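Q: Got a structure for you, questions after.
The values are calculated or read from the model by the stated rules, or taken from the named source; none is laboratory data. Because the structure is a prediction, the values reported are computed rather than measured. Here the Cβ is made from the backbone with ideal geometry for all residues, glycine too, and neighbour counts use every protein chain on show.
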């Protein structure tokens, strides 16, 4: 493994190597990113399909939003995290910071019409839907990203905060 000094001295060579590598592998990199986005989007839709609005009990999937209850803990919006194909750990972390609300209730909360304490998405729902999406995609010969981390460890770490 190269030292930090070597990396600093050879920065231009490393950048040139990465550019050359990307030119020869750009199709597979783009395909993999697209496949990851599709996977995470399917997972989000699965979470919504097993959920309902916390306030009014609306359960139509297209009407449900994810709401960050505490703005200071929000890293990014879920749609951006999915589009950027962020890591599994970062995605789960953001899911666990959110509550599920219908669009109307979500807007009422943001406009201070309703002021209630919301419950976050439960670990077991994230775990269940993740495994469900992986199994369904494998049955249909669709891409499942090679997650190198153990899902149980990631969820436990995100929940415990350690």
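Q: Among the residues of the range 65-81, what is the count of those that are at pLDDT below 85 and either part of a loop (DSSP other than H, G, I, E, B) or within 17 Å of residue 39 (Cα to Cα) (or both)?
A: 2
Q: Something else now. When the residues of the range 32-61 are filtered to those that are more than 18 Å from the chain's Cα centre (by Cα) and free of Cβ contacts under 8 Å to residues at least 60 places away in the same chain, which remaining residue is farthest from residue 128 (Cα to Cα)?
A: So, considering only residues that are more than 18 Å from the chain's Cα centre (by Cα) and free of Cβ contacts under 8 Å to residues at least 60 places away in the same chain, the one farthest from residue 128 (Cα to Cα) is 56.
Q: Determine, yes or no, whether residue 29 is loosely packed, with under 14 Cβ neighbours inside 10 Å and assigned to a helix (DSSP H, G or I).
A: Taking the combined requirement at face value, the residue satisfies it.
Q: While we're here: Being within 19 Å of residue 79 (Cβ to Cβ) and out of contact with any strand residue (DSSP E or B) (no Cβ under 7 Å at 6 or more places or on another chain) narrows it down to one residue among 49, 3; which is it?
A: From the options 49, 3, the qualifying one is 49.
Q: Still on this structure: Taking the criterion of being under 16 Å from residue 78 (Cβ atoms), within 14 Å of the chain's Cα centre (by Cα), touching a residue at least 40 places away in the same chain (Cβ under 8 Å) and assigned to a helix (DSSP H, G or I), would at least one residue in the range 100-108 satisfy it?
A: Looking through the range 100-108, none of the residues is under 16 Å from residue 78 (Cβ atoms), within 14 Å of the chain's Cα centre (by Cα), touching a residue at least 40 places away in the same chain (Cβ under 8 Å) and assigned to a helix (DSSP H, G or I).
Conditions (1) surrounded by fewer than 16 Cβ atoms within 10 Å (Cβ to Cβ); (2) within 22 Å of residue 50 (Cβ to Cβ), marked per residue:
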| residue | (1), (2) |
| --- | --- |
| 73 | yes, no |
| 79 | yes, yes |
| 107 | yes, no |
| 113 | yes, no |
| 121 | no, yes |
| 130 | no, yes |
| 138 | yes, yes |
